[in-house]
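Enquirer: This structure is in structure tokens; I'll ask about it shortly.
The values are calculated or read from the model by the stated rules, or taken from the named source; none is laboratory data. Values in this document were obtained by computation on a predicted structure and should not be read as measured data. All Cβ positions, even for glycine, are placed from backbone atoms using ideal geometry, and neighbour counts span all protein chains on display.
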Amino acid sequence: MIGTPPATDRPFVHANCAISLDGRLAYAGGRRARLSGPADLARVQRLRAASDAILVGANTVVQDDPSLRIHAELLEKPVDTRLTRVVFDSTGRIPESARFLDGSLPTIVVMTEGAGRQFPAHVTVVRAGTGRVDPVVALDALAGQGIHKLLVEGGGQLFASLFRLRLVDRLTVYIAPVLIGGSTAPTMIAGVESDGPDQIVGLQRESVEPLDDGILLTFRPRPIAPGGAAPL
């Protein structure tokens, strides 16, 4: 479940995703892949119900048009919560027809200072950074909106930026028993290349559980070594 908020003012950040055994989030070109089984789908809804907000990147909204709501029909009992939906969208490119913007839930769009896109009145616009959304500034702003437990569901570019800035407090990954392959199917972590061991993302395993026909892995970030840079 979503944990205790960190000592800093930013929210507790729980990254969660489902991937194929070869580390792909989706099919070729980013086409959505349904990788979770029934038990994992229910687990994700419990995570959402325990969170203040759910965050995705603009690519996820453009490619998948997710509703980002709690699917109460997959839970054992009704939930009494209004999940806030958040998207990092540097230039304001998510389509006006996106279900994300339907007004059914509190909605926040995080854009850069110079982005001129206008959104409906029910959408809260947060400015964070220039050129690209600054995740540090954005998370501080989300804390100011009363968000203390943040669930991040992708995609790979967003995961990469949060992990490399050491802004993730817990990671859960459901590994489905399938292989996708190819060269355009997106991987779990995108972004800049890692040239050596000083740039990898260091994690510590918390648990390994069988789930549906796959495996659920839980990790936390590896602590920063005294006087040294953290492994990215």
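Enquirer: Just the residues that are at pLDDT 90 or above and either acidic (D, E) or closer than 13 Å to I200 by Cα (or both), please, taken from the stretch 213-232.
Expert: D213, P221
Enquirer: Being touching a helix residue (DSSP H, G or I) at 6+ places or on another chain (Cβ under 9 Å), of a type in the set (A, V, I, L, M) and without any contact (Cβ under 8 Å) to a residue 24 or more places away in the chain is the filter here, so list the residues in the stretch 105-127 that pass it.
Expert: Correct list: V109, V123, V126.
Enquirer: Being within 19 Å of the chain's Cα centre (by Cα) and on the phi < 0 side of the Ramachandran plot: is that true of V173 here?
Expert: yes
Enquirer: Can you report the number of residues in the stretch 61-104 which are in contact with a helix residue (DSSP H, G or I) (Cβ under 7 Å, 6 or more places away or on another chain) and among the basic types (K, R)?
Expert: Total meeting the criteria: 2.
Enquirer: Determine the pairs where a residue that is under 24 Å from L217 (Cβ atoms), located within the stretch 179-195, has a partner that is assigned to a loop (DSSP other than H, G, I, E, B) and among the β-branched types (V, I, T) with Cβ atoms under 6 Å apart, the partner being 6 or more residues away or on another chain.
Expert: Taking only residues 6 or more apart or on different chains, the pairs are S194/I200.
Enquirer: I'm trying to understand the selection: among the residues of the stretch 133-170, which are over 11 Å from the mean Cα position of the chain (by Cα), surrounded by 21 or more Cβ atoms within 10 Å (Cβ to Cβ) and among the aliphatic types (A, V, I, L, M)?
Expert: V133, A138, L139, L142, I147, L167, listed by residue number.
Enquirer: I'm told G181 meets every condition in (1) touching a strand residue (DSSP E or B) at 6+ places or on another chain (Cβ under 6 Å); (2) at pLDDT 95 or above except one. Can you identify the failing condition by its number?
Expert: (1)
Enquirer: I've got another one for you. If we keep just the residues of the stretch 179-216 that are under 22 Å from V168 (Cα atoms) and touching a Ser or Thr at 6+ places or on another chain (Cβ under 7 Å), which is surrounded by the fewest Cβ atoms within 10 Å (Cβ to Cβ)?
Expert: Filtering first and then ranking leaves S207.
Enquirer: Okay, next question. Would you be able to tell me the number of residues in the stretch 16-33 that are in a loop (DSSP other than H, G, I, E, B), in contact with a Gly (Cβ under 7 Å, 6 or more places away or on another chain) and surrounded by 14 or more Cβ atoms within 10 Å (Cβ to Cβ)?
Expert: Qualifying residue count, the stretch 16-33: 1.
Enquirer: Among the numbered criteria (1) part of a loop (DSSP other than H, G, I, E, B); (2) within 28 Å of I180 (Cα to Cα), which single criterion is violated by G116?
Expert: Going through (1) part of a loop (DSSP other than H, G, I, E, B); (2) within 28 Å of I180 (Cα to Cα) one by one, G116 breaks only (2).
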